[in-house]
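Structure first, then comments.
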C-alpha cells in the first residue's frame, strides 16, 4: 500500500489532481470498510475529487466531497502512513466553507515521509504504478506499460545491472515533453521481448 500511496501523492503534487486517485483506487477497493487504511484512501480519493470539482467550478460538488473527505480522515493519527494529515484536514475545512478559494491560490501540496514527493523523485515501484496512471490520464494504451513493468520486475529479480524497461518506465513518467517518443520506444522493446519469448516457446 505504501508504494501506491506515495505514487498517488506524487501524481497529485505534480498537478494531476484528478488522476491521483487512480493510484489508490484498486488498493482501496480491496480493503475492509471502516479500517484506518480504507478510511485514509477513501478520504484521499474524495479529497482529490473535491479539488478537481472546485477547479471545474462545480462548487456544490466540491463542498460535498470536501465535507465527506474530512469525515473519512477525521480521527486518524496526524502522521498516519507517514502522510501529514493536519494540513489536509485544514484545507478540506477551508474548501468546504469557501470552494472559490481554489481560484485564489493553488491547492496544498501533500507531504509524505518527511518530504513533498513528485514523480521525478520516486523509486521504482511507485514509478511503475505512476506509469500506468499517467498512461491512462494521457490516453496511451496501458498494456505495453503493464508488460514493461513485468519485464522490469523480472530484470530486477535477475539482478540485471542494465534494464531498458526500468529506464523507459522512469523516462515515461519523468520526461513530460518527450513522453510520446518514450512510449513508442517502450512499446517497441516490449514487442521485441514478446517476439523473443514466442520464438523460445516455439522451440519446445
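Derivation of every value follows stated rules applied to the coordinates shown; laboratory data play no part. Note that the structure is a prediction, hence the values are computed from the model and not measured. In this analysis, Cβ positions are derived from the backbone assuming ideal geometry, glycine residues included, and neighbour counts consider all displayed protein chains.
Just a few scattered comments:
- Relative contact order [Cα under 8 Å, 6+ residues apart], the range 2-103, whole percent: 22 percent
- Largest first, the extents of the alpha carbon coordinates of the range 2-103 on the three principal axes equal 32, 26, 21 Å.
- Over the range 140-201, relative contact order from alpha-carbon pairs under 8 Å, at least 6 apart, %: 33 percent
- Where only DSSP H runs of four or more residues are counted, the chain gives -21000 deg cm²/dmol as its mean residue ellipticity at 222 nm, each run worth -39500 (n - 2.57).
- Calculated FRET efficiency, residue 184 to residue 98, Cβ-Cβ distance, R0 = 41 Å: about 0.35 to the nearest 0.05.
- Inverse of mean 1/r across different Cα pairs in the chain, Kirkwood, Å: 18.1 Å
- Separation of alpha-carbon centers, the range 107-158 and the range 163-188, rounded to whole Å: 11 Å
- Mean shadow area of the range 140-201, taken as a quarter of the surface of its Cα convex hull (nm²): 4.3 nm²
- Degrees separating the helix 59-73 axis from the principal Cα axis of the chain, which is the longest one: 80 degrees
- When only Cα pairs below 8 angstrom with a gap of at least 6 residues are kept, the range 50-171 shows a relative contact order of 18 percent.
- Mean Cβ neighbour count within 10 Å, used as a protection proxy, ranking 102-115, 163-176 highest first: 163-176, 102-115
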